[in-house]
Each structure stands twice: as structure tokens, then as C-alpha cells.
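Q: So that we are looking at the same thing, I have put the structure below in C-alpha cells.
The values are calculated or read from the model by the stated rules, or taken from the named source; none is laboratory data. On a predicted model such as this, the values are computed, not experimentally measured, just so you know. Positions of Cβ are backbone-derived with ideal geometry, glycine not excepted, and every protein chain shown enters the neighbour counts. Ligands, DNA and RNA are stripped out before the accessible areas are found, and what is left, the full protein with its side chains, is counted by its heavy atoms. Shrake-Rupley method; radii C 1.70, N 1.55, O 1.52, S 1.80 Å.
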Amino acid sequence: MTSEKLVGSAIVVIVSGAILASATGRAATASGDAAESDDTLAEITVTAQRRSESLEKVPMSLVAFSNKNLEDLHIESFSDLQYVVPGLVLSTTTSTFQSQNDIAIRGIFSGGNSPTTAVYVDETPITIRRIDLAAGSGSPSPDIFDLDRIEVLRGPQGTLFGSSAMGGAIRYITPQPSLDTPSGYSKVEFGYTDRGAPSYAAGIAYGAPIVPGAVGFRVSGWYHTDGGFIDIQDPYTGEFVKRNKNATDTYVFRPAVTFSPTEALTITPAAFIQHFHSEAPNTYWLSFIPHPEAGGFVSGDLVPQPQTDNLSVYSLAVKYDFPVALFQSDTSYLYRKYNGDDDWTHWWAPIFGAGPFALAKTAFSSYDLNLIDTKAWQQEFRLASKDPNSRLSWVTGLYYRHATQISSQLIPPNLDPLTKALFGQTSLQYFGVPDFIYRGQVLNSYTYYSTLDVSKAIFGEVTFELVPRLKANVGVRVERAQVLDQHQINAGPLLGLTYSDVFAPDQNATPITPRAGLTYQYTDEDMVYLSAAKGYRSGGSNAGDATQNPLCLPPAHAYGLSSVPLAYTSDSLWSYEFGAKDSFFDRRLVTQASVFYDRWSDIQTPLSLTSCAETITVNRNKAVSRGFDLQIAALPFEGMKLLANVGYTDAYFVTASYGALTNGVLPLLNGAGDKLAGVVPWSASLHADYSRGIGNLWANAQGYVRADYRWVDAPPKANPATANYDPAIGPYPNAAYGTLNVRAGVKNGRLDVSAFVNNATNANPRLGYSHVVPGDPLYEAVAIRPLTVGITTLFQF
């Protein structure tokens, strides 16, 4: 092959950001394998519209990464994924509660409660309602290993994916067992973090036919431990108690078997089992450290803060290939068990108006224990047209979900040391409420919350070619969404309740979420589209530790509320999008761009009740989110691949919101045009990959060098005129920052060995800057992993 022919056939295809072929002419298929081709490109098939079709033909802003892309970009977790998908943000975990996280696409944050971004493992939604007690837990995040692909769908997906897909959906698609060909690969990795502990990872995946053409299996296992880099120092003595405390370990196990008793029928039972454990959060102190170390992260939290999250998804997929349509039944059961501790020792005194070390001589310590238990059954039946080139294509289906969740929080111990030191009274004398005894343990606060979510839906979408190259699509979902049996138990002096056992009112809604659009495919590889879609999420109730606690009334009144509301209703948004997908120069330059405009109504808004350390949700205000995203992939010369992503989001409140009139002053909660908190305006990344043959050094070998630069903007400036503005924190609790990752390696046949440097510039942005209450002089922040060097070995077999 001449070099001229190589360059002419060196096709780089990027569909929503994922490089799917390389300069060697090896095109990645949907299963992650590669097929040799000098002048053709294997198309990627996705199921973003719940039917199989070429990714390039999907009229929406869609990012897809094959397993090879994930390895090339060293993406091993969701926190890695957010840096290469414009408009996708994982909120910074607060230094107060390590378990709270939030996924946003295009600025649509949940703010707690029902999520606004749906996350799927194959056809099973794994996002859960976040119940706000005094704390709460976000949805689980799958680890990334042995995936066929990841699809990130931007914009509302309520028509095909239902509630909680207001901002978009993220789909982890696993490889299906092959009935014909064995395949597998292994991965081993070692890394060392600056001023931290070593990290290790190992995984293996293998699949093969058991009865050729009739029965096949695939099984994979992945384990990694990430060494800690935050030290624990006793703030009273200055003694280092524990080095590298924030270590984590994770394992993932996935078996699957496919039976094909007839050519038209396949049956695939599978399981996805994940365990995550963290010894401590990635938070560190910015004050009151007696002996800080230059370049180090140190915390003074002495109480252990372990966090364990176990997720299991068991599924059964049945597919039948009719002559004109494909039927699919997906049945799944999800079980998630979470528990996590947070150190409260230094929070109590500031909450009651004293300094953080007012109890230094009492040996007083305290923590909370959060327990989350979720069980969910899901069933979906779908029927979809088969021919993607037909003038008429369609999909229709039925959906049912039954999910129960139990959440509880226990906060020991007796608060006598606190109340005696601050007020000269026992806890009983000060609060007038006795401690609550739970299974022999003395608690100052006990909360229990159980709820049942039931969803039933019918949905469908039709695409029709009006004239050659011009298609129209229209779809709708009608759903019956119920939040039932919201049982709450609250007790303890901190809550001002001896014992309370209530049921919050049910929430019943019948949302209708349509979608419509036009697509003009003006060449076989170039298209423009226009779409409008609606997103929705269910309502819910506020926890009884706020609704029945008299200590919560003063701040509720300040927000203009006559009482703490028992419930809140659903919210929704309409989104309008215009986009284009194009290729140039014999498909050596490929672009995708979209602009969007969202109107969000009756927003489920969290309100902080500082006097009782609680958070509630109310429906308040309207917002607009607008912006664009752009992806560019290019092959400027032989062996070089470039990928650039940039996204911009401007999310703001439409009107001002005020609290109750106090002393002749109307407190401003947010001004018209104020930006939504936590929404990052700009994000960008640049990936460069250069490879060439080094046969003179090692026969048949190819060397490569990769560099990734990822940049995240700071959230917009907070409005100092608002009533809840904290001047001590300032307008920017999160800083803008960039990270540079570099990798160099060599491939030879099935072996790939590389060395890497992540966060090569040792960026150290201040994120999640906070303190418990205004006036508290103890400040904390959240750290990203410092400079890390390591080596990775991949072997395919």
C-alpha cells in the first residue's frame, strides 16, 4: 500500500465525539471489534431511539464511545467521562456530605430528589430518587470496563426513556455473548499518585460459543483500588493519625449467556454486580491544621467516614425477529444497598453559634450513619421496524416499574457535652425532648423514610420520509406516575420530636411527553435537523424531620412559606434543538454541532433551613438554559488524529424570587437573570493521537503518543444581593481548572503496553469551598487526584 493510498483511505469518523476508525483502515464495529478495510468504513449501530440504526443518521445530539475509545482516552469512571462530553457535568461533592452527587446535561441539575439525567445499564434504569433526610445519597455510577459502547443523549428523552430524563440519558451498553466467535481481553494497570499511595487495577473479559450457533456466554471481572492522597491530622495535637486515608476499591462482575433455540429467537439472562468502598471522602481542611505540609491535602476529621455502595442488576432480554419487525422484552430487577458515615464532630458548635472547637476539652465526637435500600422491578415490551432505509420506521412499547426505597439516618450520641458546654444545660433541659433509643443505641436524631414509585407508560415514535431526503418524526409517551406510601418516622432532640409516625400525601400525575422533528439528509453523509421535545420528573414529599420540626419554621417563614410544605409536585421543560452533522475532505474532517434552548417550569428547588440543618424542596420559579456544543475530528496527516470538543451553557432564572417581608425589607432569593448555581458555562477538551510503525526497533510494532487536555470553567458568579449569599465563601466556590494527561506506548499484535502521566501539571483547583454555616471559621474543599504516573498493559485473545 502506498502512502498516498493510505492517506486517501485513512478515515476518521466522529459521531458526537467518538473516533470510530483509525488511520490503518481498521474500523471499530458496534461490538468493539475491528474489521480490516482499506476503502470502506464499518458503520456504528446505536439504539438511542430504541431501534437499531446508524449513529450518523440519528437526528439528535448524541455522543457514542466504543470500548476502544474509552481505553484510548483512559476513561474508567463517570468522572472521567464528563471531561470529554460537552455539556455533561458531575457536580462537585460537597464537603458536608460525601454521598451527594448530581449529574447534569446542558445545565439541568436535579438539586436532589428525582434525578434529571437517566442512567441505564443496557435497558435497566439505575437512577434513583434521592431522599433528603439530614443527608442523602445520589444515584450509583457504574465503573467502566468491557463495554460495547457508552451513549450520551443530550436533551430531553422523556418520549422514549420516561421520567428523570429531562436533561438527557447516559446508556452503558454491555457486549452481548457471541454464538460464533470467541474473544476476550485483559487489562492490568499500576499507578502512583504524588504524595499518595499506589493504585492497582486488573480485569479480564472472555466470551465464546458453548454450542456454536445456539448457545454462547461472556463473562468479565474488574477490580481496582485507588490509593489515597489525603492525610488525617489531629487538629488538637498536630499528630498525623492516618496517611492516604481516602483510598477506594471497586469490583465489577458481569456474566451473561445467550440461548438461540431458533434463528429468530434469542434469550439472554445477565447480571451486573458492582461493589464500591471508600475509606474517606476527598475533602480537606483549609484552616485549623496545626502543621500543614506544602503540596499536601490534610483533614482534621478524626471519626472514620467509610462509604459502601453495592449495586446488582439482574436482567432477562428476549428478542424475536419477525419478518417485518423486531420484538424485544426486557425484564430486570435492581437491588442497591448503600451505607455511609459523615463526621459531625466539628459541625455541632457552629450550628449553635459557637466556634468549631468549643468542645475541644470534652472528647466529644459525633457522626451520622446513612442507610439506603432500593429494590426495583422493571418490565418493557417493544416492537420496532427493522429496515432503517424504509420510508417509514417506527417503534412502540409498554413500560412498567415498581420501585421501593427505604432510607434512614442515625445520629449518635447524647448531646449533653454540647449543650452543657454551650448553654449550661443537659440535652433534655435545652431541647425539652429525650434522646431516642434505637436497638440499644442512644441517638440525638433518628429518621426513617420509605416510599413506593410506580410508573406505567405507553410510548411510540414514527419517522416518515416526506420527500426524498426529508424526514419527519413524531412521538409521544403517556405515563401514569405515582409516588405512594411515603412513610416517615422521626424522633430525637435534634428534631424537636419525641416520636412522629406519619404518611405524606401521595403524588399522582399523568404526564404526556411528546417529541417532534424534521431531518434533511442533503448528502449520504451530511444532515441537518430540528427538534422539539418535552422532559418531566415526578414530585415527592419533604422529610418529616423538616416538616414537623419547629426549629425549621423561622427560615421557612423567611422564604415566604407559611409552613414547611409536606409535598412538592412535578416539574417539566421544553427543549428546542437545531443541529448538523457533516464530513469534509473525503471524510478526513468530521463535525457535529447543535444549538439548544430549554424552558424549565415549576423547578423543584432545594431550600436550606439553617436553623435545623435540613433541606426541603419546593416548586419555585422558571429558568432558561441555552447554548451549543461542537465536536470536531480530523486526520490532518498520516498517523495523526485530533479530536476537539467544546460546549457552552447559559442557564438563568427568568424572574426574580423573594422571601417574606421582614422589617420592611423584601429579601431577594434570586434575581431575574441570575445564573443557576453549579452550572458550568464552558467546557472543552482536546485529544491528539500520533502513531507510526517502529518495525526497525521491534518487528511489526507500532508506537504511539497521546495527549489529552481537559478544561472546566468555574460556575457563574453568585449574586451578592441575594439573602443567602455568604461573603465569606465569595462568589466562586469552585475554580476553573484544566488537566493534562499524557500517554506513550507500543502495540504489537494483541499486546499493548503504555506508560501514562495523569494530571501532568499537578493542577490543584479549589472546589466545593464551603463551611457548615455562615460565620463558621472552619473551611473545607474537595480535591482532585494529583499527578499520577503509571503503566497499563492490554492483551487481546
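Q: Search the range 672-696 for residues that are free of Cβ contacts under 8 Å to residues at least 12 places away in the same chain and pair each with any residue that is open to solvent by 70 Å² or more (accessible area, probe 1.4 Å) and of a type in the set (S, T, N, Q) when their beta-carbon atoms are under 9 Å apart and the residues are at least 6 apart or on different chains.
A: 693/700
Q: A further question follows. Within the range 121-128, can one find any residue that is out of contact with any Pro (no Cβ under 8 Å at 6 or more places or on another chain), open to solvent by less than 20 Å² (accessible area, probe 1.4 Å) and at pLDDT below 75?
A: no
Q: Also, quick follow-up: Which of the numbered conditions does residue 501 fail, given that it passes all the others? Conditions: (1) more than 21 Å from residue 543 (Cβ to Cβ); (2) of a type in the set (D, E, K, R); (3) surrounded by fewer than 18 Cβ atoms within 10 Å (Cβ to Cβ).
A: All conditions pass for residue 501, except number (1).
Q: A further question on this structure: Quick check on residue 781: is it open to solvent by less than 20 Å² (accessible area, probe 1.4 Å), outside any loop (DSSP other than H, G, I, E, B) and either on the phi < 0 side of the Ramachandran plot or touching a residue at least 60 places away in the same chain (Cβ under 8 Å) (or both)?
A: When the stated conditions are applied, residue 781 passes them.
Q: Could you please find all residues in the range 188-200 being in contact with a Phe, Trp or Tyr (Cβ under 8 Å, 6 or more places away or on another chain) and surrounded by fewer than 21 Cβ atoms within 10 Å (Cβ to Cβ)?
A: Once the filter is applied, which keeps residues that are in contact with a Phe, Trp or Tyr (Cβ under 8 Å, 6 or more places away or on another chain) and surrounded by fewer than 21 Cβ atoms within 10 Å (Cβ to Cβ), the range 188-200 yields 189, 190, 194, 195, 197, 198, 200.
Q: Tell me the residue from 219, 152 that is part of a strand (DSSP E or B) and open to solvent by less than 10 Å² (accessible area, probe 1.4 Å), please.
A: 152
Q: Across the range 709-743, what is the number of residues that are farther than 21 Å from residue 681 by Cβ and either loosely packed, with under 14 Cβ neighbours inside 10 Å or in contact (Cβ under 8 Å) with a residue 60 or more places away in the chain (or both)?
A: So the count comes out to 6.
Q: So which residues in the range 661-680 are open to solvent by 30 Å² or more (accessible area, probe 1.4 Å) and either out of contact with any strand residue (DSSP E or B) (no Cβ under 8 Å at 6 or more places or on another chain) or over 19 Å from residue 559 (Cβ atoms) (or both)?
A: 661, 662, 663, 664, 665, 673, 675, 677, 678, listed by residue number.
Q: Regarding the range 438-456, can at least one residue be identified that is out of contact with any Gly (no Cβ under 9 Å at 6 or more places or on another chain), polar (S, T, N, Q) and over 30 Å from residue 527 (Cα atoms)?
A: Within the range 438-456 (the criterion being out of contact with any Gly (no Cβ under 9 Å at 6 or more places or on another chain), polar (S, T, N, Q) and over 30 Å from residue 527 (Cα atoms)), the answer is yes, since at least one residue qualifies.
Q: Could you please let me know if residue 465 is in a strand (DSSP E or B) and either buried (at least 20 other Cβ atoms within 10 Å of the Cβ) or aromatic (Phe, Trp, Tyr) (or both)? Walk me through it before giving the result.
A: Details: in a strand (DSSP E or B): yes; either buried (at least 20 other Cβ atoms within 10 Å of the Cβ) or aromatic (Phe, Trp, Tyr) (or both): no.
Against the criterion (in a strand (DSSP E or B) and either buried (at least 20 other Cβ atoms within 10 Å of the Cβ) or aromatic (Phe, Trp, Tyr) (or both)), residue 465 does not qualify.
Q: Now, a different point. With the requirement that a residue be more than 27 Å from the chain's Cα centre (by Cα), open to solvent by 40 Å² or more (accessible area, probe 1.4 Å) and either closer than 28 Å to residue 193 by Cα or acidic (Asp, Glu) (or both), what does the range 744-757 give you? If you could, list the steps in order and put the result at the bottom.
A: Kept after step one, since they are more than 27 Å from the chain's Cα centre (by Cα), are these residues of the range 744-757: 744-755.
Now narrow it down to the ones that are open to solvent by 40 Å² or more (accessible area, probe 1.4 Å): 744, 747, 749-751, 753, 755.
The answer is 744, 747, 751, 753, 755.
Q: Looking only at the range 300-313, count every residue that is more than 20 Å from residue 120 (Cβ to Cβ) and either open to solvent by 60 Å² or more (accessible area, probe 1.4 Å) or not aliphatic (A, V, I, L, M) (or both) and tell me the total. Break it down into steps so the answer makes sense when it comes.
A: Looking only at the range 300-313, we keep the residues that are more than 20 Å from residue 120 (Cβ to Cβ), and these are 300-308.
Filter once more, keeping what is either open to solvent by 60 Å² or more (accessible area, probe 1.4 Å) or not aliphatic (A, V, I, L, M) (or both): 300-302, 304-308.
Number satisfying all stated conditions: 8.
Q: In this structure, does residue 646 turn out to be touching a Pro at 6+ places or on another chain (Cβ under 9 Å), among the hydrophobic types (A, V, I, L, M, F, W, C) and at pLDDT below 90?
A: So residue 646 fails the test.
Q: Taking the range 416-437, which residues are aromatic (Phe, Trp, Tyr) and open to solvent by less than 60 Å² (accessible area, probe 1.4 Å)?
A: 431, 436
Q: Counting just the residues of the range 518-547 that are modelled with pLDDT of 85 or more and in contact with a Leu (Cβ under 6 Å, 6 or more places away or on another chain), which one comes out farthest from residue 409 (Cα to Cα)?
A: Among them, the one singled out is 520.
Q: Let me ask another. Take the conditions surrounded by fewer than 17 Cβ atoms within 10 Å (Cβ to Cβ), more than 29 Å from the chain's Cα centre (by Cα) and without any contact (Cβ under 8 Å) to a residue 24 or more places away in the chain and apply them to residue 388. Does it pass?
A: Considered against the rule, which asks whether it is surrounded by fewer than 17 Cβ atoms within 10 Å (Cβ to Cβ), more than 29 Å from the chain's Cα centre (by Cα) and without any contact (Cβ under 8 Å) to a residue 24 or more places away in the chain, residue 388 comes out as no.
Q: All but one of (1) modelled with pLDDT of 95 or more; (2) touching a Gly at 6+ places or on another chain (Cβ under 6 Å); (3) polar (S, T, N, Q) hold for residue 159; which doesn't?
A: (1)
Q: Oh, and also: When the residues of the range 416-462 are filtered to those that are in contact with a helix residue (DSSP H, G or I) (Cβ under 7 Å, 6 or more places away or on another chain) and in a strand (DSSP E or B), which remaining residue is nearest to residue 348 (Cα to Cα)?
A: Taking the candidates together, the pick is 445.
Q: Something else: From the list 689, 726, 708, pick out the single residue that is among the charged types (D, E, K, R) and either part of a loop (DSSP other than H, G, I, E, B) or touching a Cys at 6+ places or on another chain (Cβ under 9 Å) (or both).
A: 726
Q: Need the failing condition index for residue 531 against (1) outside any strand (DSSP E or B); (2) touching an Asp or Glu at 6+ places or on another chain (Cβ under 7 Å), just the number.
A: With (1) outside any strand (DSSP E or B); (2) touching an Asp or Glu at 6+ places or on another chain (Cβ under 7 Å) applied to residue 531, the lone miss is (1).
Q: Also, I was wondering about something else. Within the range 518-528, can you find the residues that are open to solvent by 10 Å² or more (accessible area, probe 1.4 Å) and in a strand (DSSP E or B)?
A: Selection gives 518, 519, 520, 521, 522, 523, 526, 528.
Q: Need a quick list: strands (runs of 3 or more DSSP E) entirely within the range 556-631 having at least 2 residues that are open to solvent by less than 50 Å² (accessible area, probe 1.4 Å) and at pLDDT 95 or above.
A: In the range 556-631, the matching strands (runs of 3 or more DSSP E) lie at 571-584, 589-601.
Q: Restricting attention to the range 158-174, report how many residues are open to solvent by 10 Å² or more (accessible area, probe 1.4 Å) and in a loop (DSSP other than H, G, I, E, B).
A: Qualifying residue count, the range 158-174: 2.
Q: Could you list all residues from the range 277-299 that are farther than 19 Å from residue 338 by Cα, open to solvent by less than 40 Å² (accessible area, probe 1.4 Å) and under 29 Å from the mean Cα position of the chain (by Cα)? Explain how you work it out, then say what you get.
A: Step one: of the range 277-299, the residues farther than 19 Å from residue 338 by Cα are 283-299.
Adding the requirement that they be open to solvent by less than 40 Å² (accessible area, probe 1.4 Å) leaves 283-285, 287, 289, 296-299.
Across the range 277-299, the qualifying residues are 283, 284, 285, 296, 297, 298, 299.
Q: I would also like to ask the following. If I filter the range 314-351 down to residues being aliphatic (A, V, I, L, M) and surrounded by fewer than 19 Cβ atoms within 10 Å (Cβ to Cβ), which single residue comes out as farthest from residue 776 (Cα to Cα)? I'd like the intermediate steps shown before the answer.
A: Narrowing the range 314-351 to residues aliphatic (A, V, I, L, M): 316-318, 324-326, 334, 349, 351.
Adding the requirement that they be surrounded by fewer than 19 Cβ atoms within 10 Å (Cβ to Cβ) leaves 316, 318, 324-326, 351.
Details: 316: 53, 318: 57, 324: 67, 325: 64, 326: 61, 351: 8 Å.
Per the criteria, the residue is 324.
Q: Now a separate question. Just the residues that are more than 12 Å from residue 414 (Cα to Cα) and either touching a Pro at 6+ places or on another chain (Cβ under 8 Å) or free of Cβ contacts under 8 Å to residues at least 24 places away in the same chain (or both), please, taken from the range 433-447.
A: Scanning the range 433-447 gives 439, 440.
Q: Right, here's the next one. What residue, of 508, 473, is crowded, with 19+ Cβ neighbours inside 10 Å and farther than 30 Å from residue 348 by Cα?
A: On the way: 508 fails: crowded, with 19+ Cβ neighbours inside 10 Å.
Just a single option satisfies the conditions, and that option is 473.
Q: Here is a further query. Can you tell me how many residues within the range 520-543 are touching a helix residue (DSSP H, G or I) at 6+ places or on another chain (Cβ under 8 Å) and farther than 17 Å from residue 163 by Cβ?
A: Looking only at that region, the number is 3.
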